[in-house]
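Every read-out reported here was derived from the displayed coordinates using simple, explicitly stated rules and does not represent laboratory data. Predicted, not measured: the structure shown is a model, and the values here were computed from it. Cβ: placed from backbone, ideal geometry, glycine included. Neighbour counts: every protein chain shown.
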Amino acid sequence: MDDTTLVSKTPEGLRKISTAFVNFCGKFRSKLNEGKSKLVRFRNAGKDEDMALVAGGKTFTTPKPDKKG
């Protein structure tokens with residue numbers, strides 16, 4: 001399975017569907033690459049903040065800022 005997107009309006013909702021997805025992957029023996037999986041947060045306003053989410057024993061984080069140019 002490639003390129004999956006999970007969407008939720010709340011962090012708790014995202015944790016729930018992420019846990020279900022991690023369990024789904026385990027049931028069907030799909031390998032979820034934690035290092036390549038990223039958490040993206042869209043906001044209308046405010047400062048960007050690092051965010052982490054733990055679901056099904058896996059930790060997902062926002063990407064680090066790009067230091068290029």
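Summed over the stretch 15-66, the residues that are charged (D, E, K, R), out of contact with any Asp or Glu (no Cβ under 9 Å at 6 or more places or on another chain) and either closer than 16 Å to Asp2 by Cα or in a strand (DSSP E or B) (or both) give a count of 5. Within the stretch 25-45, the set of residues being within 20 Å of Pro11 (Cβ to Cβ) and out of contact with any helix residue (DSSP H, G or I) (no Cβ under 7 Å at 6 or more places or on another chain) comprises Glu34, Ser37, Lys38, Leu39, Val40, Arg41, Phe42, Arg43, Asn44, Ala45. The set of residues in the stretch 4-35 that are free of Cβ contacts under 8 Å to residues at least 40 places away in the same chain and among the polar types (S, T, N, Q) comprises Thr4, Thr5, Ser8, Thr10, Thr19, Asn23, Ser30, Asn33.
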